[in-house]
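Read the structure below first, then the notes.
The values are calculated or read from the model by the stated rules, or taken from the named source; none is laboratory data. Being a predicted model, the structure only gives us computed values, none of them experimental. Methodologically, a virtual Cβ is constructed for each residue, glycine included, from the backbone with ideal geometry; neighbour enumeration extends over all protein chains shown. Calculation scope for accessible area: heavy atoms of the full protein, side chains included, ligands and nucleic acids excluded. Shrake-Rupley method; radii C 1.70, N 1.55, O 1.52, S 1.80 Å.
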Amino acid sequence: MKEENIQENQNTLDEELSKRPPEVAVEPISVAQLNAEAKLRAKKRPLLEKIIRLLKREEGPYKELVINVEPLEKRVALLEDGLMQKFETEHVGDESMVGAIFKGKIQNLEPGLKAAFVDIGQPKNAFLHYWDIFPSATNDNSYEIVRENRSKEQKKNAALKLSNKDIPEKFPVGTDIVIQITKTQIGTKGPRVTTNIAIPGRYLVLMPYAGQCGISRKIEDKRERERIKKILRSMKIPEGMGVIVRTAGQGKRWTYFVRDLHILLNIWKQIQNKIENEPGPALLYKEPDIIERTVRDFLTEETDRILIDNKDDYEKILASVSEISHRARSKIQLYKDNIPIFERYNIEKQITQTFQRRVPLPSGGEIVVDETEALTAIDVNTGSHKGKDADGKDFILQANLEAVAESARQVRLRNIGGLIIIDTIDMKSRKDRQAVYKKLREEMEKDKAKSQVLPISQLGIMQMTRQRHHQSNASEIYSTCPYCGGKGIVKSSRTMSVEIQRKIVAIARAIRTREGNSNEIPMLVMLHPENLKLMQNEDYEYLINLEKAYNLKLTFRADPSYHVENFRILDPATNRVLR
């Protein structure tokens, strides 16, 4: 009896394991709780930093960069007052190629597409648009031009006003060309590249072929902008090269920029040596890994600390930061607790919530996020709202404001790019619609990726686009379901029963026509157990009538290895497939 119970339990367990694991409902962590925990950590800021913030009257959020290093994966989370605002992962051997510089060979020119395809030694040829093929000063509106530093050759080329017609002559097939990846390979599309090389540092971006110097428009303080402009004009920059002062350069002294420029020029010197000595296609430069890259981009005056749980990477970051700013070393800390770092700061729960289809809002509503190949749709639902106003007007505005703020956050966290549609709750007031539009624009300005937001349409739809450098986080973590092929649905047992009966009739008619007799036709139907279950019960009478109508002898056999949408009709005597 005991052995029977053990066997029964084992069978039950095997059956459970053959099915998809149930989705664990994650209790949403209240923002208030996350804020309260962050405030306790903020009290441990160094005294000098507290005094500086007090004098500057800064009341910004407590920003932490939390880094988790594991043998096969590295994860980075940016927290603002405990709430996750950015999340990135990188698997070993699957590093991002965005920013990598290659020496390639032009494989073919496509005038119809106005593009060249470049062999860079990767599985797919790179796509180089004609407007990116001439190294030149860019028309990027994200920075203001402060100083011209073009060489005589650059001025001469600018005066020639070369057009698309000149490309076959200037860049024939087989020409070596130095390009940089701006968008990694996504799906079947090869990487997108440009000849306008840009090498980012801590405070500067070096553009070896631009010949222009500028300052990021995100630095808004007029006095600070004037101070940085003076520094830019006084710096010794090689002729023909350009630099852009990044937002992180705000408040930094002249020496910081000089050190950063020196490091970037050394990197470019190494790249030039490879250009001259290595045959194409060849990799000339690769961006640092996710940890160094994130520290470089996010270690600013506003960042309070960087916490990392791996000693080797901790020492590597310290060495990298020390080259430019000794003061920033104090912000980098090694995590030593036994509790996993992402659990300690409630990041693991926030990550689980991030990839859920339904995301709750503080007022009781929710947004539903659906990623498709063409676009990402975000639907705003009221749910069980907590609005105080009897007519609900205030609540609708409140729910939409919360929804667009959360949508912007989710877009950042999931790293969603391309076209994004937000279906808001209908608002009659033009003032309310404008307030929601303004809120989304403000939230998207926090994002480093470029975006464009359109006003709310008459149908209550908001449209926006976000720069796509590489695949979304969901695409990296999840793969297309092998069972449904990514559709998310399979045919019902009722549909399959109808299809099987239709096929039986078609085969019976074909055999009668071919053989010209009325003898009994035996058929063996192999199918999935779920489909057999329905046919033996609900459709039993239909099958009896089918046998009588066509003089058939039907035998059914279930096979769990069959896909639910597959079946096969055989001749029982020969096991030959009947058609």
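Residues in the range 468-492 that are over 10 Å from the mean Cα position of the chain (by Cα) and within 23 Å of Val453 (Cα to Cα): none. When Val380, Val321, Val359, Val368 are checked against the criterion of being under 24 Å from Gly60 (Cα atoms) and β-branched (Val, Ile, Thr), Val321 stands alone in meeting it.
Residue-wise test of (1) surrounded by 15 or more Cβ atoms within 10 Å (Cβ to Cβ); (2) β-branched (Val, Ile, Thr).
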residue	(1), (2)
Arg246	yes, no
Leu264	yes, no
Ile271	yes, yes
Tyr285	yes, no
Asp313	yes, no
Glu323	no, no
Lys331	yes, no
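Is at least one residue of the range 514-521 open to solvent by 60 Å² or more (accessible area, probe 1.4 Å) and either touching a residue at least 40 places away in the same chain (Cβ under 8 Å) or assigned to a strand (DSSP E or B) (or both)? For the range 514-521, residues open to solvent by 60 Å² or more (accessible area, probe 1.4 Å) and either touching a residue at least 40 places away in the same chain (Cβ under 8 Å) or assigned to a strand (DSSP E or B) (or both): absent. Being in contact with a Ser or Thr (Cβ under 8 Å, 6 or more places away or on another chain), β-branched (Val, Ile, Thr) and outside any loop (DSSP other than H, G, I, E, B) is a condition met by at least one residue of the range 93-116.
Answer yes if at least one residue in the range 192-207 is over 23 Å from Glu148 (Cα atoms) and open to solvent by 10 Å² or more (accessible area, probe 1.4 Å), and no otherwise. For the range 192-207, residues over 23 Å from Glu148 (Cα atoms) and open to solvent by 10 Å² or more (accessible area, probe 1.4 Å): present. Count, please, the residues in the range 522-555 that happen to be open to solvent by 50 Å² or more (accessible area, probe 1.4 Å) and either touching a residue at least 60 places away in the same chain (Cβ under 8 Å) or in a strand (DSSP E or B) (or both). So the answer is 3.
Yes/no per residue for (1) under 15 Å from Val380 (Cα atoms); (2) open to solvent by 40 Å² or more (accessible area, probe 1.4 Å); (3) not in a helix (DSSP H, G or I):
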| position | (1), (2), (3) |
| --- | --- |
| Asn400 | yes, no, no |
| Ser407 | yes, no, no |
| Asp447 | no, no, yes |
| Leu459 | yes, yes, yes |
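Residue-level check: of (1) touching a residue at least 60 places away in the same chain (Cβ under 8 Å); (2) of a type in the set (Val, Ile, Thr); (3) within 22 Å of Leu79 (Cβ to Cβ); (4) surrounded by fewer than 19 Cβ atoms within 10 Å (Cβ to Cβ), Thr300 misses just (1). Looking at (1) under 30 Å from Ala408 (Cα atoms); (2) in contact with a Lys or Arg (Cβ under 8 Å, 6 or more places away or on another chain), find the lone condition where Thr480 falls short. Every condition holds for Thr480 apart from (2).
Restricting attention to the range 239-272, the residues being over 15 Å from Ile145 (Cα atoms) and either charged (D, E, K, R) or in contact (Cβ under 8 Å) with a residue 60 or more places away in the chain (or both) number 13. Among residues of the range 333-365 being open to solvent by less than 60 Å² (accessible area, probe 1.4 Å) and of a type in the set (A, V, I, L, M), the one that is farthest from Ile378 (Cα to Cα) is Leu334. Can you say whether Glu153 is within 30 Å of Gly214 (Cα to Cα), part of a strand (DSSP E or B) and either among the charged types (D, E, K, R) or at pLDDT below 85 (or both), as far as the supplied structure shows? Criteria not met by Glu153.
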